[in-house]
Amino acid sequence: MSELFNTLTIPFLLAMFLAINMGGSGTAPAFSAAYGANVLKRTLIPGLFGIMVLAGALIAGEEVSLTLGKGLLDQHFFTPINTSIILLSVGLSLLISNLIGVPQSTSQATVLSIAGAATALDGLNTRKLFYEIIPTWIILPIIAFFIMLSLSKWVFPFLKNKFFTADYSYLKENKALKALLVVSSLYVAFSIGANNVANAAAPIASLTANEIGKESIQNFLPIIILSVLIVAPCFAIGSSLLGHKVTKKTGKDIVVVSPFNATIIAMITATLLLMASLTKGIPTSLVQLNGAAFIALSISKSGFKNTFNNKTVKQFFTVWAIAPIFAYILTFALISLLK
């Protein structure tokens with residue numbers, strides 16, 4: 001028992017480190033809308049975020065966990081050293097993104113880190129990666145962008161109400177509308193739990209199953225649940241330590257959001273993410289769904305040129321491109337050297 005504990009200690013600590021960074025990054029798509037609309041105090045966000053992430057992971061996170069735990073790379077490849085390298089690579093890429101203040105896709109970094117390991121070990125499930133996961137990454141942000149752009153250009157201008165403007169003082173007089181915005185943010189956090197907790201929990205669940213033996217591999221779900229219970233609370237810690245900077249950058253530095261726009265963005269992105277989680281268990285980038293919707297809103301208000309000249313938008317695209325590739329290359333290089 002002590003030998004098993006020693007074997008699992010470092011991978012579990014790395015998974016918790018990754019979850020802390022995911023909490024920092026994931027806070028932005030969940031609560032940047034409500035924060036940008038001045039509906040929620042900063043101090044309340046980490047606790048609410050942590051509770052909903054745990055609920056989402058336990059209720060709707062099974063399929064994504066199975067995809068990351070054995071869908072891309074066969075389960076027996078999740079040895080202590082391989083698992084540690086995968087988690088370390090993803091954690092470092094996210095830490096750098098959080099320090100810059102740009103919310104990064106945990107799912108893309110995790111998938112490409114596992115793909116880097118699988119490439120080095122000659123065990124990559126190319127069909128799953130190239131025919132299911134990557135197309136989803138491309139299609140869903142485009143859907144989020146065009147839904148929000150269409151609504152902003154051809155629907156919202158005909159709606160005449162203070163709720164559709166950036167008049168935040170109106171919210172103080174209308175508790176129902178404030179509650180609606182908060183509920184939409186909680187819904188996003190639930191969707192993050194359903195999709196993103198698996199990024200840290202699935203690799204250590206596969207590792208644990210391997211270390212315990214064949215019998216546990218056949219009963220994988222209880223191990224997944226235990227891993228989730230260890231990892232998910234770390235999201236709240238990360239939200240508290242790292243979440244404010246990325247939340248402010250998304251919620252206030254791209255475009256000023258009205259309470260109504262904030263609610264619509266939250267509902268669109270959370271629904272698309274939850275669909276990806278429940279249908280085929282595809283690890284998907286919520287921060288990119290959220291960013292695409294905010295960019296669409298900015299284009300409708302400020303135009304294409306002004307939006308893409310925005311320093312924050314440029315930072316987003318740069319980090320989104322570099323961080324997952326960094327995770328892939330680092331994992332591939334380290335495992336190849338050890339191999």
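Per-structure values
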quantity	calculated
Selection within region 222-243 - surrounded by fewer than 21 Cβ atoms within 10 Å (Cβ to Cβ) and either at pLDDT below 85 or under 15 Å from Asn98 (Cα atoms) (or both)	Pro222, Ile237, Ser240, Leu241
Residue ID - surrounded by the fewest Cβ atoms within 10 Å (Cβ to Cβ), chosen from residues in region 173-183 that are at pLDDT below 90 and assigned to a helix (DSSP H, G or I)	Ala176
Residue check for Pro141: part of a helix (DSSP H, G or I), touching a helix residue (DSSP H, G or I) at 6+ places or on another chain (Cβ under 9 Å) and at pLDDT 90 or above	yes
Residue within region 305-317 that is touching a residue at least 60 places away in the same chain (Cβ under 8 Å), crowded, with 17+ Cβ neighbours inside 10 Å, of a type outside the set (A, V, I, L, M) and on the phi > 0 side of the Ramachandran plot present	no
Residue that is modelled with the highest pLDDT, among those in region 244-281 that are within 18 Å of Asn38 (Cβ to Cβ) and among the small types (Gly, Ala, Ser)	Ala266
Helices (runs of 4 or more DSSP H) lying entirely in region 1-104 (those with 2 or more residues that are closer than 19 Å to Ala200 by Cα, at pLDDT below 85 and polar (S, T, N, Q))	2-36, 80-100
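The values are calculated or read from the model by the stated rules, or taken from the named source; none is laboratory data. Note that the structure is a prediction, hence the values are computed from the model and not measured. Note that each Cβ is placed from the backbone with ideal geometry, even for glycine, and that neighbours are counted across all protein chains shown.
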